Amino acid sequence: MSQKTQPLRPASGPVTAESSQDAILQRIGELPPAPVVVVKLITLAEDPRVMINRLVEVVRYDQALTARLLRLCSSSFMGLREPVEDLREAIWYLGTTTVRKVALLSQRTYLLHAVPEAERELQKSLWEHAAAVALASQRLAEKVGGVAPGAAFTAGVFHDLGMFALHEYVDEDSEPSLEPADDSLSHAEIGARIAQHWDLPGYVVQAIRYHHAPSLAGEFRRIASVIHVADIVARRAGLGVLPVGEIEPALESGTLDALSLAQGDVQELVLALPGDLLVAKKMLSLSGG
Ligand SMILES: [Fe+2]
Ligand SMILES: [Fe+2]
């Protein structure tokens, strides 16, 4: 299910602000499409009445994911007496939410295609941050309403997609900025364009684009706000990442009010997040992730 792609880094030659922007845009256009199973799973996540049959139809064509789900279902995590050998049965036991979670979080290689092999530590923390924000986004969506928790999880997983690309280009001596003053692209804009190129749903594209400025997200403000707050929650829980050239993002004023949240609610999420992440990691390692 994982897919090898070319990194966004130019093959050779000096990188200037202009050439890096052009090179990034060109390489976004050259990226292969997202795996069909991922796009389908994301679409299913938008439908609250997802039936097991439809999920089986999507997953059965992905051998690695099928094996992963069967292993997880037969592990001590589920506490079943008999090993499960049938995909439909496994999905039934695990539940559709867990199946989506495993499928999206196990896309490590896929999410991290732009990071050079040598930067393992960075890869690890970027993945951990993506997972943490996804989990916090889901909890937040359950709490505030108006955003499907599955959709929030999906947007959370992909929110910093552009960081992987931008990290390759930022000059360590340049002024840190979330929204560069010149016409260079922010990690949010790069991520949105990659998501667009992959034909991910509009809400994912816009949540990525505005995850540091949700008030600009128009009709997608609520989901962008959820991702924005979840990002802050992850940072406060010590699960943030700060690539070269980026400043620490601050909570945009008015966002908590827009979601009818108090600081105490944020703190509650900060406290719950490490436990949620631990469960997710356990689930993935049991399933061979
Ligand atoms: Fe970000
Ligand atoms: Fe982030």
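Derivation of every value follows stated rules applied to the coordinates shown; laboratory data play no part. Remember, it's a predicted structure, so these values are computed and weren't measured experimentally. Cβ: placed from backbone, ideal geometry, glycine included. Neighbour counts: every protein chain shown.
Where does each of Ser186, Ser215 land when they are ranked from fewest to most other beta-carbon atoms within 10 angstrom?
So the residues, fewest neighbours to most, are Ser215, Ser186.
How much net charge surrounds Thr66 when only the other residues with a Cβ under 13 Å from the Cβ of Thr66 are counted, with Lys and Arg +1 and Asp and Glu -1?
After counting each charged neighbour, the total is -1.
How would you rank 93-104, 74-85, 28-39, highest first, on the average number of other Cβ atoms within 10 Å across their residues?
Highest to lowest by the protection proxy: 93-104, 28-39, 74-85.
In the neighborhood of Leu273, defined by Cβ-to-Cβ distances under 9 Å, what is the net charge if each Lys or Arg adds +1 and each Asp or Glu adds -1?
+1
So how do Trp198, Trp92 line up by other beta-carbon neighbours within 10 Å, fewest first?
Listed from fewest to most nearby Cβ atoms, that is Trp92, Trp198.
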